[in-house]
Amino acid sequence: DAAVRVPYEAALAAWEAAPGYATALLRVYESPPAGCGGAERLLAVLCLKAAVGRRWNERRSGEPAISDAEKAEVRARLLPATDEREPALASQLVLTAATIARLEGLAAWPALLPALTASCTRPAPLDAARGLSALYRVVKLQASRRLLAHRKAFFALSEQLHAPLASLRTSHARALLGRVQPLL
């Protein structure tokens, strides 16, 4: 119902401009208040993703952007979020991280790629698949950058990721062949 929804959307838009909004949403995600469950955590993550898309960089004068200190805190708290078990939350958190990496470039977040490549080599298959999916989403958004300097940075990223991903592919192929070999 629009009569109910519109005032709440206006309140959210007003809060989005307030300092500390992004970190408050991360707090709701990380340790939800009593009585809040998965739906509220997902809503907090979706609001965070929207705020990052609109407020990470200042687009228009007079429209407040997220402060540098808050950006650093959001980046630091998003890295452990790649371990999220709930698929809907995990995908939205990874998309938020990928959006940040696209808006700033990977040079502004040097810990992201090592963390994602390490998450691809986890011993549990589901955890490794989740890490590989996160890496894919970040690389995919990096590939969508169009300026020449961004394209050159993407080529450098490709060279940097080739060796770890090739060894990962080889180890997975060996494991698969090891399982199939007894069946032949």
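Go through 146-155, 17-26 and give me the packing order, highest mean Cβ count within 10 Å leading.
Details: 146-155: 11.3, 17-26: 17.2.
Result, highest mean Cβ count within 10 Å first: 17-26, 146-155.
What does the accessible area of Arg102 come to, in Å² to the nearest 10, when a probe of 1.4 Å is used?
Rounded to the nearest 10, the figure is 80 Å².
R0 = 22 Å: FRET efficiency of Ala156 with Ala111, Cβ-based, nearest 0.05? If you can, show how the numbers build up before the last one.
On the way: r = 17 Å, r/R0 = 0.78.
E(calc), rounded to 0.05, equals 0.80.
What distance in nm separates the two pseudo spin-label positions at Ala50 and Glu9, each 7 Å out from Cα along the beta-carbon direction?
About 0.8 nm, to one decimal.
FRET efficiency for Leu177 and Asp68, Cβ-Cβ distance as r, R0 = 45 Å, nearest 0.05? Each step should come with its number before you reach the end.
On the way: r = 49 Å, r/R0 = 1.09.
About 0.35, to the nearest 0.05.
Which lysines, if any, have their Cα less than 21 Å from the Cα of Lys71, not counting same-chain residues under 8 positions apart?
Straight-distance partners of Lys71: Lys49.
Using only the heavy atoms of the protein chains and a 1.4 Å probe, how would Glu16, Glu104 rank by accessible area, largest first? Provide the component values of the computation, followed by the final result.
Working: Glu16 20, Glu104 50 Å².
Solvent-accessible surface, decreasing: Glu104, Glu16.
Let's test this: bin the Cα-Cα distances of the stretch 97-145 at 10 Å from zero up to the farthest pair and state each bin's percent.
Reading the bins upward from 0: 29, 51, 19, 1.
Heavy atoms only, probe 1.4 Å: what % of the accessible area of the chain goes to carbon and sulfur, would you let me know? Each step should come with its number before you reach the end.
On the way: 6910 of 10930 Å².
For the chain, the apolar C and S fraction of the accessible surface comes to 63 percent.
How long are the semi-axes of the equivalent ellipsoid of the stretch 38-184, taking √(5λ) for every eigenvalue λ of the Cα gyration tensor, in whole Å from largest down? Display every interim value, and only then the final one.
Working: eigenvalues 200, 79, 24 Å².
Three semi-axes, in Å: 32, 20, 11.
What ranking of Val28, Val94 comes out by heavy-atom accessible area, probe 1.4 Å, highest first? Present the calculation step by step, with values, prior to reporting the outcome.
On the way: Val28 45, Val94 20 Å².
Most to least solvent-accessible, the answer reads Val28, Val94.
Where does the stretch 34-110 land on the Kirkwood hydrodynamic radius, alpha-carbon pairs, in angstrom? Show your work: numbers first, answer last.
Values: mean 1/r = 0.0755 Å⁻¹.
Across the stretch 34-110, the inverse of the average 1/r is 13.2 Å.
Treating only the Cβ of Lys, Arg, Asp and Glu as charged (+1, +1, -1, -1), what charge dipole size does the stretch 71-123 show about its Cα centre? Round to the nearest 20 debye. Don't skip to the answer; put the middle values down first.
Working: 6 positive and 5 negative charges, 17 e Å.
Once rounded to the nearest 20, the dipole reads 80 debye.
For every helix of n ≥ 4 consecutive DSSP H residues, a contribution of -39,500 (n - 2.57) applies; sum these over the chain, divide by its total residues, and give [θ] at 222 nm rounded to the nearest 500 deg cm²/dmol.
Working: 8 runs with 132 residues, N = 184.
The per-residue figure over the chain is -24000 deg cm²/dmol.
If I model a spin label at Asp83 and Ser31 as a point 7 Å from the Cα along the Cα→Cβ vector, what separation in nanometres do I get?
Placing both labels 7 Å beyond Cα along the Cβ direction yields 1.6 nm.
Can you give the Kirkwood hydrodynamic radius of the stretch 141-184 from its Cα pairs, in Å with one decimal?
Working: mean 1/r = 0.0791 Å⁻¹.
For the stretch 141-184, the Kirkwood estimate is 12.6 Å.
Under a point-charge model restricted to the Cβ atoms of Lys and Arg (+1) and Asp and Glu (-1), what is the dipole moment magnitude of the chain relative to its Cα centre, in debye to the nearest 20? Let's see the in-between values first.
Numbers: 24 positive and 16 negative charges, 162 e Å.
Dipole magnitude for the chain comes out near 780 debye.
Note down the Stokes-Einstein diffusion coefficient of the stretch 2-74 in µm²/s, whole number, using a Kirkwood radius over alpha carbon pairs, 25 °C, and 0.890 mPa s. Kindly include the intermediate steps, with their values, before the conclusion.
Working: Rh = 13.0 Å.
It diffuses with D of about 188 µm²/s by this estimate.
What do you get for the angle between helix 87-104 and the principal long axis of the chain? Use alpha-carbon atoms, 0 to 90 degrees, nearest ten.
80 degrees
The values are calculated or read from the model by the stated rules, or taken from the named source; none is laboratory data. This one's a predicted model, so the numbers in the text were calculated from it and none came from an experiment. When we count neighbours, we look across all protein chains shown, and the Cβ atoms used for this are built from the backbone with ideal geometry, even at glycine. To get the accessible areas, we keep the full protein, side chains included, count just its heavy atoms, and leave off ligands, DNA and RNA. Shrake-Rupley method; radii C 1.70, N 1.55, O 1.52, S 1.80 Å.
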